[in-house]
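Right, one structure below, let's go through it.
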Amino acid sequence: MSELFRSQVEMFAEPKRGTVTQTIAPDQRGRVKAMGSYWPAEFYQANEQKHLPPDAPILIVGIRDITLLVIPVS
């Protein structure tokens, strides 16, 4: 497979804060506002069982392609 089509994950040295704008669920991407823009987002941990509604705070730990990888704020 060409390198062009492989998903690359980049982990951030320090988590960034953001806010959910469209619900994120275990098997469903959502959207978040972070770093001054709106992004598609999904859980970093595939086994996460929470549903994050709009306005929920999140931490962004990485990015895959243009999708932010997030964890819930406890």
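The values are calculated or read from the model by the stated rules, or taken from the named source; none is laboratory data. What you see is a predicted model, and the numbers here were worked out from it, not measured in a lab. A quick note on method: Cβ atoms are made from the backbone with ideal geometry, for glycine too, and the neighbour counts reach across all protein chains shown.
Please work out if Ala41 is among the hydrophobic types (A, V, I, L, M, F, W, C), modelled with pLDDT of 95 or more, surrounded by 15 or more Cβ atoms within 10 Å (Cβ to Cβ) and out of contact with any Leu (no Cβ under 9 Å at 6 or more places or on another chain). Against the criterion (among the hydrophobic types (A, V, I, L, M, F, W, C), modelled with pLDDT of 95 or more, surrounded by 15 or more Cβ atoms within 10 Å (Cβ to Cβ) and out of contact with any Leu (no Cβ under 9 Å at 6 or more places or on another chain)), Ala41 does not qualify.
Of the numbered criteria (1) assigned to a loop (DSSP other than H, G, I, E, B); (2) in contact with a strand residue (DSSP E or B) (Cβ under 6 Å, 6 or more places away or on another chain); (3) surrounded by 14 or more Cβ atoms within 10 Å (Cβ to Cβ), the one Glu48 fails is (2). Every residue in the range 51-61 that is more than 15 Å from Pro26 (Cβ to Cβ) and either modelled with pLDDT under 95 or surrounded by fewer than 16 Cβ atoms within 10 Å (Cβ to Cβ) (or both), please. Pro54, Asp55, Pro57 - these are the residues of the range 51-61 that are more than 15 Å from Pro26 (Cβ to Cβ) and either modelled with pLDDT under 95 or surrounded by fewer than 16 Cβ atoms within 10 Å (Cβ to Cβ) (or both). Of all residues in the range 12-32, none satisfies being of a type outside the set (A, V, I, L, M, F, W, C), in contact with a strand residue (DSSP E or B) (Cβ under 9 Å, 6 or more places away or on another chain) and at positive phi. Scanning the range 4-20 for residues that are free of Cβ contacts under 8 Å to residues at least 40 places away in the same chain and touching an Asp or Glu at 6+ places or on another chain (Cβ under 8 Å), we see that the one that is surrounded by the most Cβ atoms within 10 Å (Cβ to Cβ) is Val20.
Restricting attention to the range 62-72, the residues being closer than 17 Å to Pro26 by Cβ and either part of a loop (DSSP other than H, G, I, E, B) or over 8 Å from the mean Cα position of the chain (by Cα) (or both) number 2.
Residue by residue through the range 14-32, note down the ones that are farther than 16 Å from Val61 by Cβ and in contact with a Phe, Trp or Tyr (Cβ under 8 Å, 6 or more places away or on another chain). The answer is Thr21, Pro26, Arg31.
For the range 21-74, a residue qualifies if it is among the hydroxyl-bearing types (Ser, Thr, Tyr) and in contact (Cβ under 8 Å) with a residue 12 or more places away in the chain, and the qualifying residues are Thr21, Thr23, Tyr38, Tyr44, Thr67.
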